[in-house]
Amino acid sequence: MIQIEELTTVIWQSLLLPCAAAAAACYLVLRLLPKHGIALAGLAAVALGFYAASSFNSAVQFRLNSERPITVSELGRVAYLAVTNPRGEPKPPTYYWFPWIGLLAGVVGLITRPAAVPRWLAWALRITVAAVAARLLTYDLPVTWPCIALASTMLAMWHLIEDQGKAYPGFLLPATVAIAFFAASSVILHANSARFSEIALMTGACWLGIAAASWRRAADGGGAAGIAAVLLPGIMLVAHTYLVDYSDVPDNSFLLAGTAPLALAFAALCRKFGGTSPRVLLLAAIAVVGLGIAAVVLASRAAPLTFE
Amino acid sequence: MMKLFATCVLATVWAAAAPAADVKYALTGENTKIEWTGTKSAGKHVGGFKTIAGVANVSGSSGISFDVEIDCDSLYSDDQKLTNHLKSPDFFAVKDHPKAKFVSKKVVKNDKNHTVTGDLTILGKTKEISFPAEISTDGGLKLTAEFDIDRTDYGMNYGGGKIDNKVQLKVTVDAK
């Protein structure tokens, strides 16, 4: 049963605060670097929004051991072992990697965003990030195909969000991504995990902040496109792995929520055949939101929430 | 005759001085109850664990010892959704840590009761705890104990500020 008072706290800590921090960071960067700051603006927005939210809640674990701070070398060593020898020594739970794969994707997104970067290099870096992220999030699974499916989904989503964002700068695309994360958060909440739900909510709030800043200064997700691409399907797959035995939420709900932004392919296809009207993005956005809503409806029918 | 008599006396003395035989009690969910109470600002929830496997050793020479394993997937509470939530990575992360464990190090008799000291392992983290317990070994093993643990000592950090860190545990054993 969800307490109304707790819900109010969550809305403040995991929605309003990160949204405000992200909007402020994005707007500031765009104001200081109006020509070349788009990539950095998105990354700064998500980073600051996440940091602000994490200061108040413990949904995200940054430390490997709660009794001592994390070091770069330790993190690197554990990540290397996790990627290269998943059956080896005990590793942190897969959800530990959420903030780090987000950071990696954001940095690579920043590096590959400028037009001067060769396309082959940009793709090679994205493929590497998607492969590493998918590996880190699936090393506790007994089969390999989820890793491949997840990496493919991440790559496709990354390309779609970044490409459509560049083609249609403005608040619509970031707002659509935000709504996709909110739908994911709702599905996970129905599946009995507040932690994963808050992580999705925080990320969605950061994207809402980007959308708010983009209202005044036309921008897109910039370097944050990769963050959304690795985190949305990643969170849904990991959440499903952990919650499937303790929840009535159907698999379809997790799948729809985790892949909703792939509906942006509609806009990509239209552009390929000459359709560049903003209405095309609007239709694609409606499709994304529709898939998210369908996911939430499925979840709520199977496992209704109760409040007190 | 004298030799036989001396042998009998010695045997009697030895028998009297010999320590009582060790008695082992199997601890299961039938004779052992582990119940918890968790609190937050707006109220509390209660529950326990149904599946327990372990052994209690009552020895005349070395005292009492406990070695208990708790199946975290057998966790129950007063609300089914809460039970599922507690099994998720927010709290017990049963998929990654299916068992909790308690191994006693010493059981010391005080004036009125006993103090049990041992290692409690939850979420793969081990911490030494001590708690008072009423223990009786007449006609079996009976134990009653109530004490608090801090869930954050075991890495169960989620919900801090909304859910109290202190969790009250009540352990009851009635083994024969």
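Please give the number of the condition residue A:305 fails out of (1) part of a helix (DSSP H, G or I); (2) within 14 Å of chain B (Cβ to nearest Cβ); (3) open to solvent by 10 Å² or more (accessible area, probe 1.4 Å); (4) in contact (Cβ under 8 Å) with a residue 24 or more places away in the chain.
So residue A:305 meets the others, but not (1).
Which of the residues spanning the range B:149-176 are under 12 Å from the mean Cα position of the chain (by Cα) and of a type in the set (A, V, I, L, M, F, W, C)?
The answer is B:169, B:171, B:173.
Criterion first (crowded, with 24+ Cβ neighbours inside 10 Å and more than 27 Å from residue B:157 (Cβ to Cβ)) does residue A:221 satisfy it? Give the derivation first.
Working: crowded, with 24+ Cβ neighbours inside 10 Å: yes; more than 27 Å from residue B:157 (Cβ to Cβ): yes.
Spelling it out, residue A:221 is indeed crowded, with 24+ Cβ neighbours inside 10 Å and more than 27 Å from residue B:157 (Cβ to Cβ).
Determine whether residue A:128 is open to solvent by 40 Å² or more (accessible area, probe 1.4 Å), in a helix (DSSP H, G or I) and polar (S, T, N, Q).
Working: open to solvent by 40 Å² or more (accessible area, probe 1.4 Å): yes; in a helix (DSSP H, G or I): yes; polar (S, T, N, Q): yes.
Yes, satisfied.
Would a scan of the range A:195-203 turn up a residue that is open to solvent by 20 Å² or more (accessible area, probe 1.4 Å) and of a type outside the set (Lys, Arg)? Give the steps one after another, and end with the answer.
Restricting attention to the range A:195-203, the residues satisfying the condition of being open to solvent by 20 Å² or more (accessible area, probe 1.4 Å) are A:201.
Next cut, of a type outside the set (Lys, Arg) only: A:201.
For the range A:195-203, residues open to solvent by 20 Å² or more (accessible area, probe 1.4 Å) and of a type outside the set (Lys, Arg): present.
Does residue A:113 count as open to solvent by 30 Å² or more (accessible area, probe 1.4 Å), within 20 Å of residue A:222 (Cα to Cα) and either at pLDDT below 90 or more than 14 Å from chain B (Cβ to nearest Cβ) (or both)?
On the way: open to solvent by 30 Å² or more (accessible area, probe 1.4 Å): yes; within 20 Å of residue A:222 (Cα to Cα): yes; either at pLDDT below 90 or more than 14 Å from chain B (Cβ to nearest Cβ) (or both): yes.
For residue A:113, the condition - open to solvent by 30 Å² or more (accessible area, probe 1.4 Å), within 20 Å of residue A:222 (Cα to Cα) and either at pLDDT below 90 or more than 14 Å from chain B (Cβ to nearest Cβ) (or both) - is met.
I'm checking my understanding of the structure. Among residues of the range B:127-156 that are in a loop (DSSP other than H, G, I, E, B) and in contact (Cβ under 8 Å) with a residue 12 or more places away in the chain, which one is farthest from the other protein chains (Cβ to nearest Cβ)?
B:139
Can you go through B:124, B:159, B:118 and tell me which one is surrounded by 15 or more Cβ atoms within 10 Å (Cβ to Cβ) and within 14 Å of chain A (Cβ to nearest Cβ)?
Checking each option against the conditions leaves just B:159.
Could you list, in sequence order, all residues of the range B:136-148 that are under 13 Å from the mean Cα position of the chain (by Cα) and open to solvent by less than 30 Å² (accessible area, probe 1.4 Å)?
The answer is B:141, B:143, B:145, B:147.
The values are calculated or read from the model by the stated rules, or taken from the named source; none is laboratory data. Remember, it's a predicted structure, so these values are computed and weren't measured experimentally. Every residue, glycine as well, gets a Cβ built from its backbone with ideal geometry; the counts of neighbours run over all protein chains shown. Please note that ligands, DNA and RNA were not included when accessible areas were found on the heavy atoms of the full protein model with its side chains. Shrake-Rupley method; radii C 1.70, N 1.55, O 1.52, S 1.80 Å.
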